[in-house]
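Let me begin by presenting the structure, written as structure tokens, before commenting on it.
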There are 2 protein chains.
Amino acid sequence: MVQVPRPGKAPTSADVARAAGVSRTTVSFVLNNVPGSGISEATREKVLAAVRKLGYSPNAGARALRAGTSNLVLYAMPRWPLGHTIHTLLERTRDALAERGLVLIVHGDRNLTGMEAARGWAELRPRAVIADSCRCTRESVAMLRQHGVHTVVLVGEEAVPYAPTVVFQQRRVGGVAAEHLVKEGHRRIAGIVPLGDLSEAGELRYAGLQDVADADPSLELTRVEMPFDHDRALAVARAWAASENRPTAVFAYNDEFAALMMRALRDVGLSVPGDVAVVGVDDTPLCELVTPRLTSVALHSTNFAEMHVKVLMEQLDRTLGDEPPVVPEHEPVLVRRDSA
Amino acid sequence: MVQVPRPGKAPTSADVARAAGVSRTTVSFVLNNVPGSGISEATREKVLAAVRKLGYSPNAGARALRAGTSNLVLYAMPRWPLGHTIHTLLERTRDALAERGLVLIVHGDRNLTGMEAARGWAELRPRAVIADSCRCTRESVAMLRQHGVHTVVLVGEEAVPYAPTVVFQQRRVGGVAAEHLVKEGHRRIAGIVPLGDLSEAGELRYAGLQDVADADPSLELTRVEMPFDHDRALAVARAWAASENRPTAVFAYNDEFAALMMRALRDVGLSVPGDVAVVGVDDTPLCELVTPRLTSVALHSTNFAEMHVKVLMEQLDRTLGDEPPVVPEHEPVLVRRDSA
DNA sequence: TTGTACGCGTTATCAA
DNA sequence: TTGATAACGCGTACAA
């Protein structure tokens, strides 16, 4: 049972020392396994027993205050919904950090950017910060460094000169899809941009389509803004059914939108991929479950996670002022099935 | 640009005081808006200017050390994969906490339980901890309280006497599905238990089927352990096609497993729901996208999130020793479509 | 209005 | 082996 030296207050190392009948110094030596501080096995045991008895857990704040650095690694929650990619990423990162005695913390603030965000992160004086590059300016990164954050790793569309960036291009997702469709001979392509939470990523992916269209004037791009809603999808499909120069292919924002469109297209009598080809994104299990099987752009979340962990670890090892870091690129890959 | 009073070290309130030409006390008064400490508008401005100039951000650890309590609320990352439910929950909780000046932190450790886990959480001396009830024992909760954690809110299958619990019954998910199937006249029901990450929740949902079967001896329950894999699904479907007393209904762990089974069943010539009815879980968009449309048990993540936030806020307001809290129940709801 | 001084919990240094 | 002491950054009671 947990003993209560001072009700409502957490036990301190002094409490442990008192309970074990030793000095605070001794407690500290035992708990931190300080080498070369000949502690007898007997006292060691006494101290550990007292720790267990009191349920002692060191105060991380005080420890960090004294040490000048914490063992926290702060991951700023990304703007887009938490999906499988993030899940894998967190899992791997946590494990890798745990091996070094570092603790992964996901910071909840999702609305603040730039200096505002950095100030909140800096309050915790973390060892490292991982954040979307779109939420970090040169100033905010400098601020973090100023606050003793040894490592800053960004994730985003493109590398910035002031911090190592793991490039993860939403934009290329659209590009890869468009390139495939062009190669298949499509000339009129529609791109879906979702409304709501997903619109930010949606714009980026659509911009990728636009990149390809800009390079090839014979392409005709149609932008379709749409919530995830069967009726809206039906309306779009109906319009296309009635039009003689409808798009011959549609890049849906993700696999779910793609499935939604496929259903709507079929509902109005258009065939997939015969009349309209469809490409999704994420390569989810859904792709195999719909008819026809869905062609999809894969983000390879496992690869991404590993790459991310690698960069983070390199940065943690790096002593301030080393050579600039590598910035891996992560190219999405088209997984071809039947729908396009 | 960020000024550097002492390179590599974060600016302190003393630095701010120096830069503003005032005392540390004054800085503190200004930053904490201490009432009744007549600070002239001029000095106020000077201090704030210095804060901006230095990029000062208070050391949360030191502040907590002094105050005896932090403004952190720790959410221990749940064991099962982060999905839409968790996403909504975090979003709502963060907003509600932000209104009180509290910061939501998601703690990465996912493998530790009981005392081990509690020790890690306690190190940060958070104001509140939210965790899966299955990772908390009576002792570990007592330990947290001992360490000044004012509020502990659990989420899990059933209420425990030592902490307020938001009841969220995976088990009832299976129960609700089974009750529906029984009402529809099914007597031989199969339940899928996924392998891997999802097995923990899978066992609970299957136990819900078992509850119903236990109460009705005429029911015949078949347990199917299965990874998410088309070939394995096909094998199961083939076996059923060849058997004269195959299950007439299958409770799939979630919508994706349900869709996988539906496809496999159709592939081997069995009709849905004619030969075999199928029920999924989560009421995802997928339900409307497959043929036939999928009947699913909905968890109503928005309701859940609101309920969760409500309980958390009540607990935060509660002064230690108040009356025991309400423990809302959250009943899953069957959304009927065509597949069962 | 402002400065001085103390203590929160840890750990490192130094002397015993 | 151990015990006293100082310092980390912050907030505040108290005195000026």
Might you report the magnitude of the Cβ-based charge dipole of chain B about its Cα centre, with Lys and Arg at +1 and Asp and Glu at -1, to the nearest 20 debye?
1880 debye
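So how do A:Cys136, A:Cys287, B:Cys134 line up by other beta-carbon neighbours within 10 Å, fewest first?
Fewest-to-most ranking of A:Cys136, A:Cys287, B:Cys134: B:Cys134, A:Cys287, A:Cys136.
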Mind pulling the per residue volume of the convex hull built on the Cα atoms of chain B? Å³ is fine.
180 Å³
So, in Å, what gap is there between the alpha-carbon centers of segment A:74-100 and segment B:5-67?
34 Å
Taking 8 Å as the Cα distance limit and 6 or more residues as the minimum spacing, I'd like the relative contact order of chain A as a percentage.
14 percent
What is the distance in Å between the Cα centroid of segment B:240-275 and that of segment A:119-165?
51 Å
Using only Cα positions of segment B:113-176, each an equal point scatterer, no hydration layer, compute I(q)/I(0) via Debye at q = 0.15, 0.21, 0.26 Å⁻¹ and quote the log10 values to two decimals.
-0.43, -0.75, -1.05
Got a sec? How would B:Phe29, A:Phe228 order by Cβ neighbour count within 10 Å, fewest to most?
A:Phe228, B:Phe29
In terms of the Cα gyration tensor, with a ≥ b ≥ c the square roots of its eigenvalues, is segment B:93-217 rounded because a/c is under 1.5, prolate because a/b exceeds b/c, or oblate?
prolate
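Across peptide A:51-63, what mean number of C-beta atoms from other chains lies inside 10 Å of a residue's C-beta?
6
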Label point 7 Å beyond Cα along the C-beta direction, distances from B:Arg24 to other copies (nm, shortest first):
1.8
Rh_Kirkwood(the protein assembly as shown) over Cα pairs, Å, one decimal, evaluates to 28.0 Å
Which net charge results when you count Lys and Arg as +1 and Asp and Glu as -1 among the other residues whose beta-carbon is under 13 Å from that of B:Leu312?
+1
For a quick check: sort A:Lys53, A:Lys183 by the number of other beta carbons within 10 angstrom, fewest at the front.
A:Lys183, A:Lys53
May I ask for the Rg/Rh ratio of segment A:229-340, computed from Cα atoms with Rh as the Kirkwood radius, given to two decimals?
1.23
Filter on A:Lys310/B:Lys9; B:Lys9/B:Lys46; A:Lys9/A:Lys46; A:Lys53/B:Lys9 - keep pairs with C-alpha separation over 30 Å:
A:Lys53/B:Lys9
Shortest-first distances to equivalent copies, position A:Lys9, nm, label 7 Å out along Cβ
2.9
Under the definition of partner shielding as Cβ atoms of other protein chains within 10 Å of a residue Cβ, what is the mean value for peptide A:165-174?
0
Given Cβ point charges of +1 (Lys, Arg) and -1 (Asp, Glu) and nothing else, what value in debye, to the nearest 20, does the dipole of the protein assembly as shown about its Cα centre take?
3040 debye
Please compute the net charge surrounding A:Gln169, taking Lys and Arg as +1 and Asp and Glu as -1 over other residues with Cβ under 12 Å from its Cβ.
-2
How much net charge surrounds B:Leu260 when only other residues with a Cβ under 12 Å from its Cβ are counted (Lys, Arg +1; Asp, Glu -1)?
-3
Size of the dipole of segment A:170-298 about the Cα centre, Lys and Arg at +1 and Asp and Glu at -1 on the beta carbon, nothing else charged, in debye to 20?
320 debye
Just to be sure I understand the curve: with the Debye formula and one point per C-alpha of segment A:170-298, what is log10 I(q)/I(0) at q = 0.10, 0.17, 0.20, 0.21 Å⁻¹?
-0.26, -0.79, -1.14, -1.27
I need the inter-copy label distances for A:Glu116: point set 7 Å along Cα to C-beta, values in nm with one decimal, smallest first.
4.1
Across peptide B:107-120, how many C-beta atoms of other chains are within 10 Å of each residue C-beta, on average?
3
For peptides A:270-276, A:204-210, sequence by mean Cβ density within 10 Å, most packed first
A:204-210, A:270-276
Projected onto their principal axes, the Cα atoms of segment B:13-58 stretch, largest extent first, over whole-Å spans of 27, 20, 15
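Laboratory data are not the source of any read-out in this text; all were calculated from the coordinates shown. Just so you know, these numbers come straight off a predicted model, no measurement behind them. Cβ coordinates were reconstructed from backbone atoms using ideal geometry, including for glycine residues, and neighbour counts include every protein chain displayed.
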